[in-house]
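Asks: Let me give you the structure first, and then I'll get to my questions.
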Amino acid sequence: MKTINIFRAAGLAALALAGSGSIASAQLKVVATTPDLASLANEIGGSAVSVTALAKPTEDPHFVDAKPSHVVTLNRADVLIEGGAELELGWLPPLLENSRNAKIGAGAPGRVVASQGIRLIEIPTSFDRSKGDIHSMGNPHFLIDPLNAKIVAANIAQHFAQVDPKNAASYRSNLAKFNSTVDSKLAEWQRMLAPYRGAKIITYHKDFGYLGSRFGLQIVENLEPKPGISPSPAHLAQVIGVMKSTGARVILVQPFQNRRTAETVARQAGGIVLDVSQQPGGRPNTPTYFAMMDNIVRSIATSLGAKG
Ligand SMILES: [Zn+2]
């Protein structure tokens, strides 16, 4: 396969560079698969780490455009943070194989699997990959529950301390600070969404379940009939019916999802499309995890509060 050859070539080039006597940086080189994980890594690592995200904020984390440069980035990494629960199953394994970096191999201290310790929702009781469902281990979009972000941050801090013991105290204190920020922001977000407890919303993909559970919003339908399966006319007709019968008006759409499909459904059901992103930088002025969550909560509250 042509793509694999490109990755191999990039891997070899990276090895050659690694052996060419470049001066090692004092900062821990951290690679995160997605910008939300990268933001948490920055919160915990502070100035002791330099963080690179592989996925762009506007890319679907399930289907990232894998590039030869990713192999080079992974080859030089001290730590890799992945979402896990098969979020990156479609693109990360060949990159990792070609990066040939034992420091971030499975089970190594430099490998952080964010889903470890998370109580996943929507775990299928029976699973048939031939049906195309890409949430085979349960729902991997858990970071939009701020309490899950605390679990992931603790996991990251523990691995950073293991790989870089001289800065362990700093990672511990950054974690404490992160946790107290989550606690105060969570209280604020709960106050903002409290008036809409029980409100019914629609999402494109099954990507807001953890937010719904944390803040008491009911996600009554998804435009995708199953995670990763494109909407069919029959399924969309069903969604329109559900919107009309339940009074759900707001359809959440992320930057990489088909907004036009959502607009068609909204028009026919008398609803509206709300642009949101679960990645820092996916919407304007949302450089960090906290700014992203502020944006999500504020836009949902505003759209639910608007008269239809
Ligand atoms: Zn998904």
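The values are calculated or read from the model by the stated rules, or taken from the named source; none is laboratory data. Values in this document were obtained by computation on a predicted structure and should not be read as measured data. Using ideal geometry, Cβ is built from the backbone for each residue, glycine included, and neighbour counts are taken over all protein chains shown. These accessible areas exclude ligands, DNA and RNA; they are computed on the full protein's heavy atoms, side chains included. Shrake-Rupley method; radii C 1.70, N 1.55, O 1.52, S 1.80 Å.
Asks: If you place +1 on the Cβ of every Lys and Arg, -1 on the Cβ of every Asp and Glu, and leave all else neutral, what size is the dipole of the chain about its Cα centre, to the nearest 20 Debye?
Replies: Result for the chain is approximately 300 debye, rounded to the nearest 20.
Asks: How large is the charge dipole for region 140-251, taken about the Cα centre, if only the Cβ atoms of Lys, Arg (+1) and Asp, Glu (-1) carry charge, to the nearest 20 debye? Could you put the intermediate results ahead of the total?
Replies: Details: 13 positive and 7 negative charges, 46 e Å.
The calculated dipole for region 140-251 is roughly 220 debye.
Asks: Same structure again: Can you compute 3J(HN,Hα) from phi for each residue in region 215-223, using the Karplus curve 6.51 cos²θ - 1.76 cosθ + 1.60 with θ = phi - 60°, rounded to whole Hz and x for Gly and Pro?
Replies: So the Karplus estimates, Gly and Pro as x, are 10, x, 9, 9, 8, 8, 7, 10, 5 Hz.
Asks: Additional query: Amide H to amide H under 5 Å from R111: which residues, 5+ apart in sequence or cross-chain, H placed 1.01 Å off N in plane?
Replies: L80
Asks: Just the number please: accessible area per residue for the chain, 1.4 Å probe, all protein chains included, in Å².
Replies: I get 45 Å² per residue for this part.
Asks: Between beta-carbons, use under 14 Å as the cut-off and find the net charge around S277, counting Lys and Arg +1, Asp and Glu -1. Numbers along the way, then the final one.
Replies: On the way: positive: K56, R259, R283, R298; negative: D36, E59, D60, D207, D275, D294.
Residues near S277 contribute -2 overall.
Asks: If the viscosity is 0.890 mPa s and the temperature 25 °C, what translational diffusion coefficient in µm²/s does Stokes-Einstein give for region 139-206 when Rh comes from Kirkwood over Cα pairs?
Replies: Numbers: Rh = 14.1 Å.
For the chosen part, D equals 174 µm²/s.
Asks: Can you compute the helix-only [θ] at 222 nm over the chain? Use -39500 (n - 2.57) per DSSP H run of at least 4 residues, normalise by all residues, nearest 500 deg cm²/dmol.
Replies: Value at 222 nm, helices only: -14500 deg cm²/dmol.
Asks: May I ask you to evaluate 6.51 cos²θ - 1.76 cosθ + 1.60, the Karplus curve with θ = phi - 60°, for each residue of region 224-230 and list the ³J(HN,Hα) values in order in whole Hz, giving x for glycine and proline?
Replies: With the stated coefficients, region 224-230 comes to 6, x, 9, x, x, 9, 4 Hz.
Asks: Here is the link list: K67/K166; K56/K226; K206/K244; K29/K56; K150/K185; K103/K206. Which ones come out longer than 22 Å on Cα distance? Each step should come with its number before you reach the end.
Replies: Details: K67/K166 34 Å; K56/K226 24 Å; K206/K244 20 Å; K29/K56 18 Å; K150/K185 12 Å; K103/K206 33 Å.
Result: K67/K166; K56/K226; K103/K206 exceed 22 Å.
Asks: Taking the Cβ of R214 as the centre, find all other residues whose Cβ is under 13 Å away and add up their charges (Lys, Arg: +1; Asp, Glu: -1). Write out the running numbers ahead of the final one.
Replies: Details: positive: R119, K150, K185, R197; negative: D145.
Taking every Cβ under 13 Å from that of R214, the sum is +3.
Asks: In the chain, with Lys and Arg counted as +1 and Asp and Glu as -1 at Cβ, which of these residues, A114, S170, F208, has the Cα nearest the positive end of the dipole, that is, farthest along it?
Replies: Of the options given, the answer is F208.
Asks: Here's something else I'd like to know. When DSSP beta bridges are limited to those with both residues in the chain, what percentage is antiparallel, rounded to the nearest 5?
Replies: Roughly 0 percent of the beta bridges in the chain run antiparallel, per DSSP.
Asks: For Cα pairs less than 8 Å apart in space and 6+ apart in sequence, what is the mean separation divided by the residue count of region 190-291, i.e. the relative contact order in percent?
Replies: Numbers: 156 pairs, mean separation 22.1, N = 102.
So the answer I get is 22 percent.
Asks: Now, a different point. Can you list residues from other chains, or at least 5 along the same chain, whose modelled amide H is less than 5 Å from the amide H of L252?
Replies: Answer set, sorted by chain and number: I202, T203, Y204, L274.
Asks: Please list, ordered by chain and number, the residues whose modelled amide H lies under 5 Å from the amide H of I219; skip anything fewer than 5 residues away on the same chain.
Replies: So I219 has HN proximity to I201.
Asks: Considering only protein heavy atoms and a 1.4 Å probe, what is the carbon-and-sulfur percentage of the accessible area of region 92-229? List each step's numbers first, then the result.
Replies: Details: 3330 of 6330 Å².
Roughly 53 percent of what the probe reaches on region 92-229 is carbon or sulfur.
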